[in-house]
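The structure appears below as structure tokens.
Throughout, read-outs are computed from the coordinates displayed, never taken from laboratory work. Remember, it's a predicted structure, so these values are computed and weren't measured experimentally. Using ideal geometry, Cβ is built from the backbone for each residue, glycine included, and neighbour counts are taken over all protein chains shown.
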């Protein structure tokens, strides 16, 4: 029996002026070229909040205040199982730059469907599209 790797991931949902921040994966990465909510793999002995603060600093050069957990999802890909935790975050400093991602974009609710997201993100994208109060930030 072939065991797949299990990965714990923290992802940030950051709103600014009615738009949400998304990042594009490097082409050579797992799920390369797809768009996602910024974040990354949790290191041992690191909280999900610490993971997000570190990842967003490394990936985009920004500082955030991590808020509440919005949604947890477990998704099985053929090569790995991903445990995703999506947190509402407040952008508190730095101008986003693509330091650890191919690109980034601020997108409105009606624009989300124009971007290709990993299968694991389908539920959070749906939740964001069906919750107008998120976008009033």
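Computed over the chain, the per-residue total of -39500 (n - 2.57) for DSSP H runs of n ≥ 4 gives a 222 nm mean residue ellipticity of -4500 deg cm²/dmol, rounded to 500. Based on Cα contacts under 8 Å between residues 6+ apart, the chain shows a relative contact order of 32 percent.
Taking every DSSP beta bridge that has both residues in the chain, what percent is antiparallel when rounded to the nearest 5? Before the final figure, lay out each step's value.
Values: 23 of 33 bridges.
Antiparallel bridges make up about 70 percent of those DSSP assigns within the chain.
For residue 43 and residue 74, compute 0.36 nm times the residue count separating them, minus their Cα-Cα distance, and round to one decimal in nm. Could you put the intermediate results ahead of the total?
Details: separation 31, 0.36 × 31 = 11.16 nm, distance 1.77 nm.
Gain in length upon complete extension: 9.4 nm.
A Förster radius of 22 Å combined with the Cβ-Cβ distance from residue 50 to residue 17 puts the calculated FRET efficiency at roughly 0.20.
Could you work out the percent of alpha carbon pairs in the chain separated by over 27 Å, rounded to a whole number?
Taking all Cα-Cα pairs of the chain, the fraction more than 27 Å apart is 13 percent.
Go ahead and run the numbers for FRET between residue 92 and residue 123, Cβ-Cβ distance against an R0 of 22 Å, rounding to 0.05. It would help to have the intermediate numbers written out before the result.
Numbers: r = 27 Å, r/R0 = 1.23.
Between residue 92 and residue 123 the formula returns 0.20.
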